[in-house]
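Enquirer: Please find one structure pasted underneath; my questions will follow.
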Amino acid sequence: MKFLFINIVFILSNFLSSAQLRIHAHNDYQKPEPLTNALRNKVFSIEADIYLYNNKLVVAHDKKELPTAPTLDSLYVQPIVRLFKEHKNTIDKNSNYAPTLMIDIKENGETVIAELIKLLSTHRSVFDRSINAKAMQVVISGDRGASSKWNSYPSYILFDGRPNEVYDNLTMNRVAFVSDSYLRYITPQDSTSHLEELVKKIHSINKLLRLWASPDDPTSWKRLQQLGIDIINTDKVEECRNYFIKHSQIKAE
């Protein structure tokens with residue numbers, strides 16, 4: 001319960017500082033500088049899609065990529081561990097920056113989660129905020145398995161919630177933020193009323209909201225931010241950050 005309480009406090013403190021812009025590095029692994037560019041631009045969360053292939057967790061968007069796909073360990077875990085060693089238990093020695101690693105499981109959720117826990121368990125000070133407040137929180141998205149089992153996992157494993165799912169109070173504590181497709185809330189007239197209702201719903205339970213498949217350009221980033229979308233999903237991390245710095249929504253570091 002102590003571990004869960006610390007996680008809950010951290011999530012709520014993030015929500016209460018809602019004036020802060022949060023950028024989600026969508027499909028970060030497909031970019032020219034995986035991890036590095038996202039960290040340089042101080043994103044809120046970094047997305048890695050994974051499969052279990054030949055008994056290894058590999059990072060890939062489609063099954064056709066699996067034979068040559070890098071492992072999660074080599075592309076993300078070990079580089080992150082090295083940064084924490086270099087900066088003495090933080091990913092960035094010059095700030096309190098503590099990003100989230102969002103693992104999007106493409107299939108076989110419960111089996112993959114079990115393998116992921118094995119991989120991360122030897123690096124608890126890097127991925128467990130109950131041990132290290134500056135640890136890199138892990139959030140499971142995609143095939144998340146049955147929510148009834150979420151509380152059986154170690155406390156450092158949190159989950160990406162959905163607006164249409166119902167959680168009891170204990171399970172709600174394992175929800176880091178809530179995500180859904182932007183396309184589900186857009187009418188033929190492109191009315192924002194459904195999005196506004198969604199924002200109110202998610203904020204009423206003190207959670208952050210992310211939308212995937214949203215338009216990815218400055219006009220849309222501004223519109224989403226004004227609507228109250230807490231986490232801006234983008235493939236253009238540097239451009240997005242620079243846009244909001246220019247328009248004084250976030251501070252340059």
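Derivation of every value follows stated rules applied to the coordinates shown; laboratory data play no part. What you see is a predicted model, and the numbers here were worked out from it, not measured in a lab. Ideal geometry is used to build each Cβ from the backbone, glycine not excepted, and the neighbour counts take in all protein chains shown.
Enquirer: Take the alpha carbon gyration tensor of the chain, find the square roots of its eigenvalues, order them as a ≥ b ≥ c, and report rounded if a/c is under 1.5; if not, report prolate when a/b exceeds b/c, else oblate.
Expert: Working: a/c = 1.31, a/b = 1.23, b/c = 1.07.
Here the chain falls in the rounded category.
Enquirer: Also, I was wondering about something else. Could you give the dipole magnitude of segment 119-209 about its Cα centre, charging the beta-carbon of Lys and Arg +1 and that of Asp and Glu -1, in debye to the nearest 20? Don't skip to the end; give the middle numbers.
Expert: Numbers: 11 positive and 9 negative charges, 73 e Å.
With only Lys, Arg, Asp and Glu charged at Cβ, the dipole is about 360 debye.
Enquirer: For segment 173-253, rounded, prolate or oblate, judged on the Cα gyration tensor with a ≥ b ≥ c (square roots of eigenvalues), a/c < 1.5 rounded, else prolate if a/b > b/c? Working shown, then result.
Expert: Numbers: a/c = 1.88, a/b = 1.28, b/c = 1.47.
Oblate, because a/c is 1.5 or more while a/b does not exceed b/c.
Enquirer: First check a/c for segment 28-175, with a ≥ b ≥ c the square roots of the eigenvalues of its C-alpha gyration tensor; if it is under 1.5, answer rounded, and if not, answer prolate when a/b is larger than b/c or oblate otherwise. Write out the running numbers ahead of the final one.
Expert: Values: a/c = 1.63, a/b = 1.11, b/c = 1.47.
Oblate, since a/c reaches 1.5 and b/c is not below a/b.
Enquirer: Nearest 5 is fine: what % of DSSP beta bridges in the chain come out antiparallel, could you say? Numbers along the way, then the final one.
Expert: Numbers: 5 of 34 bridges.
Beta bridges within the chain, antiparallel portion: roughly 15 percent.
Enquirer: Now a separate question. Have a look at 113, 136, 59 and report the one farthest towards the positive end of the charge dipole of the chain, computed about the Cα centre with Cβ charges (Lys/Arg +1, Asp/Glu -1).
Expert: With unit charges placed on the Cβ atoms, the residue in question is 136.
Enquirer: With charges set only on the Cβ (+1 for Lys and Arg, -1 for Asp and Glu), what does the dipole of the chain come to about its Cα centre, in debye to the nearest 20? Could the numbers behind the result be given before it?
Expert: Numbers: 32 positive and 29 negative charges, 165 e Å.
Charge dipole of the chain: 800 debye, to the nearest 20.
Enquirer: Mean-square fluctuation check for the chain, GNM, Cα pairs under 10 Å: which of 108, 55, 206 is largest?
Expert: 55
Enquirer: Of the listed pairs 64/134; 106/200; 56/88; 63/134; 42/207, which have alpha-carbon separations greater than 25 Å here? Don't jump to the answer; show the numbers that get you there.
Expert: On the way: 64/134 36 Å; 106/200 29 Å; 56/88 29 Å; 63/134 34 Å; 42/207 21 Å.
Over 25 Å Cα-Cα: 64/134; 106/200; 56/88; 63/134.
Enquirer: Considering the options 153, 95, 227, tell which one lies farthest towards the positive end of the dipole of the chain, charges being +1 on Lys and Arg and -1 on Asp and Glu at the Cβ, about the Cα centre.
Expert: My answer, from the dipole projection, is 95.
Enquirer: Follow-up question, since we're still on this one. I'd like the FRET efficiency for residue 184 and residue 65, computed as 1/(1 + (r/R0)^6) with the beta carbon distance as r and R0 of 25 Å, rounded to 0.05. Intermediate results must be reported in sequence, preceding the final value.
Expert: Numbers: r = 27 Å, r/R0 = 1.10.
It comes out at approximately 0.35.
Enquirer: Continuing with this model, one more query. With a cut-off of at most 14 other beta carbons within 10 Å, and DSSP calling the residue loop, which GluC sites (Glu not before Pro) in segment 124-225 qualify? Please list them. List each step's numbers first, then the result.
Expert: Working: sites: 165, 196, 197; in loops: 165.
Passing both the DSSP loop test and the Cβ count: 165.
Enquirer: Add -39500 (n - 2.57) for each DSSP H run of 4 or more in the chain, then divide by its residues: what number comes out at 222 nm, to the nearest 500 deg cm²/dmol?
Expert: On the way: 9 runs with 81 residues, N = 253.
Computed mean residue ellipticity for the chain: -9000 deg cm²/dmol.
Enquirer: At residue 247 and residue 86, where each label point lies 7 Å from the Cα along Cα→Cβ, what is the point-to-point distance in nanometres?
Expert: In this crude label model, residue 247 to residue 86 measures out at 3.3 nm.
Enquirer: Measuring from label point to label point, each 7 Å out along Cα→Cβ, what is the residue 117 to residue 194 span in nm?
Expert: With each label placed 7 Å out from Cα toward Cβ, I get 3.7 nm.
Enquirer: If you don't mind, there's one more thing I want to ask. Using Cβ counts within 10 Å as a stand-in for footprinting exposure, how do 50, 113 rank, fewest first? Display every interim value, and only then the final one.
Expert: Working: 50 25, 113 21.
Least to most surrounded, the residues fall as 113, 50.
Enquirer: When only C-alpha pairs under 8 Å and at least 6 residues apart count, what is the relative contact order of segment 2-241, in percent? Write out the running numbers ahead of the final one.
Expert: On the way: 399 pairs, mean separation 49.4, N = 240.
The value is 21 percent.
Enquirer: Are there any GluC sites (Glu not before Pro) in segment 40-123 that are in a DSSP loop and have at most 16 other Cβ atoms within 10 Å? List them by number. Show your work: numbers first, answer last.
Expert: Numbers: sites: 47, 65, 86, 107, 110, 115; in loops: 107.
Passing sites in segment 40-123 are 107.
Enquirer: With label points built 7 Å along Cα→Cβ from the Cα atoms of residue 206 and residue 222, find their separation and express it in nm.
Expert: With each label point 7 Å from Cα toward Cβ, the separation is 3.4 nm.
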